[in-house]
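Peer 1: Below: one structure in structure tokens.
The values are calculated or read from the model by the stated rules, or taken from the named source; none is laboratory data. Just so we're clear, the structure is a prediction, and the values are computed from it rather than from any experiment. Just so you know, the surface numbers come from the protein's heavy atoms only, side chains and all, with ligands and any DNA or RNA stripped out. Shrake-Rupley method; radii C 1.70, N 1.55, O 1.52, S 1.80 Å.
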Amino acid sequence: MFNSSNNSVSISVSDDESNDLNRIRARTRRKRKKSVHKTSFELPRYLLRAFLRYWVVLVFLLAVGLLVFESTRIGRKSENSKLNELKKPDSSGKESPSKKNEGNLNRLDPTTKVIGGVRQRCLKLLPPDELEHLDILEHRDSSSPVKQVVYLTDTDTSMGEEKAVRVNGTRFNLFTGNQTFAERQNSFQVSGTVSVHCGFFNENGGFRISDKDKEFMQTCQVVVSTCAFGGGDNLYEPIGMSKASTQKVCYVAFWDEVTLAAQETEGRKIGENGYIGKWRIVVVKDLPFTDQRLNGKIPKMLAHRLFPDAKYSIWVDSKSQFRRDPLGVLDALLWRTNSVLAISEHGARSSVYDEAKAVVKKHKATPEEVEVQINQYRRDKLPEDKRFNGKKALSEASVIVREHTPLTNLFMCLWFNEVVRYTSRDQLSFPYVLWRLKVLKNINMFPVCTRKDLVNSIGHVRKAKPLLSR
């Protein structure tokens with residue numbers, strides 16, 4: 001009804017209309033609740049239907065993922081194993097070469113040290129133009145008390161072949177001869193003519209070299225040599241030499257058949273001329289010792305027996321690359337210093353007795369064999385002095401530069417006999433032989449930094465395989 005006097009509108013609603021409105025609102029609320037319930041149940045049903053339809057695919061993807069994970073883990077484990085093997089210490093107690101050591105190859109930069117506030121080169125070589133005009137020096141030491149060395153063979157001694165064979169408990173054999181202790185004592189007695197055991201005792205003693213190689217070796221006046229037996233280290237090309245040296249110096253590497261096979265599998269094959277690069281490869285058959293370290297002492301210490309007409313020799317361990325001019329090295333270390341033997345000082349120790357403890361601690365030799373050697377040296381009253389004739393007593397013999405004179409040849413024979421009788425660690429016997437052979441005084445014990453200038457140190461690549469029997 002309209003009431004015009006109050007200017008307002010009023011609407012009347014009946015009870016029936018109000019009830020209808022409430023019913024509509026109730027139905028709307030029920031639909032909303034059903035919709036919510038339907039949505040909450042629909043998602044799990046959808047996932048269940050998807051899983052039932054595609055479970056094979058899901059299992060396949062899971063299997064592929066596990067395979068990829070396992071292969072990656074195994075690959076990482078293999079790489080770590082190789083790295084650990086690379087870093088594993090060898091028989092000398094040093095780590096195998098890393099990529100960093102391999103980066104030392106072919107380096108020619110000089111090694112220097114500071115002296116009196118001034119940085120100087122450790123190895124004082126002549127200028128390159130003067131090196132080209134260097135010739136082999138003819139040097140005769142008329143003042144030496146030893147004029148001749150006679151090398152004993154089985155025809156020069158009363159010891160028959162039956163006694164010359166390997167004796168249980170020793171390493172004497174047909175190659176060395178069975179040097180008695182009395183003969184050892186007498187070998188240090190200096191006279192004009194000295195008779196001494198010095199390897200190659202019997203023609204059946206081993207270390208056989210072909211006639212063709214022997215003929216070549218007899219032509220060498222100056223030789224740089226190295227060796228690798230039992231598939232050991234790789235061969236590193238010498239660098240830094242002058243043109244004059246390439247024409248006057250022989251480079252000879254001694255291998256056995258095991259090393260030959262190992263190198264051939266890596267693609268390093270001897271050319272038809274017998275060379276690999278500048279190295280003449282001499283393959284030795286029938287090595288005389290089961291200990292490959294001891295076999296290596298033959299070319300290291302007995303160069304005067306292998307190269308009978310050579311005037312000078314330079315020994316370089318197989319773990320290093322020789323990187324200087326050989327004639328220049330002879331000039332710097334021998335000729336200008338009036339020396340007949342040059343060898344590096346030991347970098348860590350000075351006393352043979354301290355070195356013996358280190359050898360045992362680093363498992364380079366058994367405590368028993370070191371004890372036998374050191375006890376004998378004590379009985380002989382080898383002093384504990386760390387210097388002989390003003391020089392450091394202990395050497396690091398990875399580089400040996402020497403003139404082939406009767407006195408130096410005798411010294412090397414005596415040294416070789418000591419490493420056969422006792423341990424293969426030649427650092428232990430060097431001071432003893434030097435002390436016993438008192439007449440050898442013009443030795444150049446050059447410092448470690450000079451050795452570092454002479455060679456690029458690579459480190460041992462792999463362990464040599466020992467001979468199983470002789």
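Peer 1: How do Ser225, Ser191 rank by accessible surface area computed with a 1.4 Å probe, from largest to smallest?
Peer 2: Numbers: Ser225 5, Ser191 55 Å².
Reading off the accessible areas and sorting them downward yields Ser191, Ser225.
Peer 1: Evaluate the relative contact order of region 325-470 (contact order divided by residue number), counting alpha-carbon pairs under 8 angstrom at least 6 apart; express in whole percent.
Peer 2: 37 percent
Peer 1: A follow-up question, please. May I ask you to rank Trp255, Trp55, Trp335 by accessible area, largest first, using a 1.4 Å probe over the protein chains only? Working shown, then result.
Peer 2: Working: Trp255 5, Trp55 125, Trp335 50 Å².
Descending order: Trp55, Trp335, Trp255.
Peer 1: Which sequence of Tyr275, Tyr236 reflects their accessible areas, 1.4 Å probe, from the largest down?
Peer 2: Details: Tyr275 70, Tyr236 25 Å².
My answer, sorted largest first, is Tyr275, Tyr236.
Peer 1: Related question: Is region 228-276 rounded, prolate or oblate when judged by the Cα gyration tensor, a ≥ b ≥ c being the square roots of its eigenvalues, rounded requiring a/c under 1.5 and prolate requiring a/b larger than b/c?
Peer 2: Prolate, since a/c reaches 1.5 and a/b exceeds b/c.
Peer 1: Carbon and sulfur atoms: what percent of the 1.4 Å accessible area of region 244-329 do they account for?
Peer 2: In region 244-329, the share of accessible area belonging to carbon and sulfur is 44 percent.
Peer 1: Of all the accessible heavy-atom surface of region 165-237, with the other protein chains kept in place and a 1.4 Å probe, what percent is carbon and sulfur?
Peer 2: Taking all protein chains in place, region 165-237 shows 47 percent carbon and sulfur surface.
Peer 1: To the nearest 10 square angstrom, how much accessible area does Lys147 have with a 1.4 angstrom probe?
Peer 2: It works out to around 120 Å².
Peer 1: Heads up, I need the accessible area for Asp135: 1.4 angstrom probe, whole protein in place, Å², nearest 10.
Peer 2: Roll a 1.4 Å probe over it and Asp135 shows about 100 Å².
Peer 1: Given a 1.4 Å probe and the protein chains all in place, what does the accessible area of Tyr251 round to, in Å² to the nearest 10?
Peer 2: Around 10 Å² of this residue is reachable by solvent.
Peer 1: Using the structure shown, list the pairs from Lys113/Lys438; Lys243/Lys364; Lys113/Lys319 with a Cα-Cα distance above 30 Å, or answer none.
Peer 2: Over 30 Å Cα-Cα: Lys113/Lys438; Lys243/Lys364.
Peer 1: A further question on this structure: Taking a probe of 1.4 Å, how large is the accessible area per residue of region 232-357, in Å²?
Peer 2: 33 Å²
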